[in-house]
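See below for the structure under consideration.
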Amino acid sequence: MKTQYYTASSLDGFIATEDDSLEWLFSLGDLNDSSYPAFIAEVGALAMGASTYEWMLRNADMVAAETGSPWPYTQPTWIFTHRPLPAIEGADIRFVHGDVRDVHAQMRTAAGAKNIWIVGGGDLAGQFHDAGLLDELIIQIGSVTLGKGKQVFPRRVLSPTLRLTAVRQMGGGMVELRYEVG
Ligand SMILES: NC(=O)c1ccc[n+]([C@@H]2O[C@H](COP(=O)([O-])OP(=O)(O)OC[C@H]3O[C@@H](n4cnc5c(N)ncnc54)[C@H](OP(=O)(O)O)[C@@H]3O)[C@@H](O)[C@H]2O)c1
C-alpha cells in the first residue's frame, strides 16, 4: 500500500520538454518490456496534474490507437487543476484542487490494498512528498538529454537521503532506479 511516483526522465532530469512534448521518450523502449505491466497491476488509484491530463487530451487519438481507448486506465483518477477541463469519454476521473492530503485520504480509501500512483508532474509529486505522503520514486532514466524542460522532482532532498533499493538496466536506452523515501 505505497504511494509511488513512477515516471520516465531524461538523463538531465526532465520529464517533458518545455512545450510538454514526450516525443523524445517513445523511441527509448517498449512499455511492455519495462516494469510497467507489473507496476500498473498493483495500482488502485492515480493522481495527475493539469498539464499531464492535457497531454492525454491532446494525444487521445494516439493513446486510443495504441491501447484501444483514449483513456488507458481503469482505476479512479484524481486530476489536480484550478481550471475547468473537459472529461474524457469512459474515464473514471474527478477534478480537485488544493491540499493533497485530503485527496490522498480519498485515494487511499479507493485504492484499498493497492498502491497509489502519482503520475506527475514533478511538482505534484513534490507536494505529496512535502506532506510526508510519498513512499517511493521509480524513475526510468532515458539515455538522452533535453537541456531544459519540466523537472522530474523540483525539490531539495538532502537529509535523510533517498534510499536506492533497485537498479535495472533496460537495454542501452533506459535504466530504472527505485528509491524509498527516507
Ligand atoms: N516522462 C513521463 O513519464 C511523464 C510522466 C508524467 C507527465 N509527463 C509530462 O510532464 C509534463 C508535466 O507537466 P507539469 O510539470 O506542468 O506538471 P503537471 O502536474 O502535469 O501540471 C501542473 C499543473 O497542475 C495543476 N496543479 C498542480 N498542483 C495543483 C494543486 N495542488 N491544486 C490545483 N491544481 C494543481 C496546476 O494547473 P492549473 O492551475 O493550470 O489548473 C499546475 O500548473 C506534462 O507534459 C506531462 O505530459 C511525463
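Laboratory data are not the source of any read-out in this text; all were calculated from the coordinates shown. Nothing here was measured: the structure is a model prediction, and the numbers come from that model. Every residue, glycine as well, gets a Cβ built from its backbone with ideal geometry; the counts of neighbours run over all protein chains shown.
How much mean residue ellipticity at 222 nm does the chain get from its helices, if each DSSP H run of length 4 or more adds -39500 (n - 2.57) and you divide by all residues, to the nearest 500 deg cm²/dmol? Intermediate results must be reported in sequence, preceding the final value.
On the way: 6 runs with 48 residues, N = 182.
The per-residue figure over the chain is -7000 deg cm²/dmol.
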Rg(Cα) of the stretch 41-135 divided by 2.2 N^0.38 Å? 1.05
Please order H129, H82 by the number of other Cβ within 10 Å, starting at the fewest. H82, H129
Could the peptides 36-44, 72-80, 14-22 be put in order, highest first, of the mean number of other beta-carbon atoms found within 10 Å of their residues? 72-80, 14-22, 36-44
Quick one: dipole size for the stretch 15-170, taken about the Cα centre, charges +1 on Lys/Arg Cβ and -1 on Asp/Glu Cβ, in debye to the nearest 20. 520 debye
Relative contact order for the stretch 21-129: what percent, with Cα pairs under 8 Å and sequence separation of 6 or more? 34 percent
Distance in Å, no decimals, from the C-alpha centre of the stretch 95-120 to the one of the stretch 1-69 is 18 Å
Out of all DSSP beta bridges in the stretch 75-182, what portion is antiparallel? Express it as a percent rounded to 5. 80 percent
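If you take the alpha carbon radius of gyration of the chain and divide it by 2.2 N^0.38 Å, what ratio comes out, to two decimals? Could the numbers behind the result be given before it?
Values: Rg = 15.6 Å, N = 182, 2.2 N^0.38 = 15.9 Å.
This ratio for the chain stands at 0.98.
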Restricting to Cα pairs below 8 Å that are 6+ residues apart, what does the relative contact order work out to for the chain? Please round to a whole percent. 35 percent
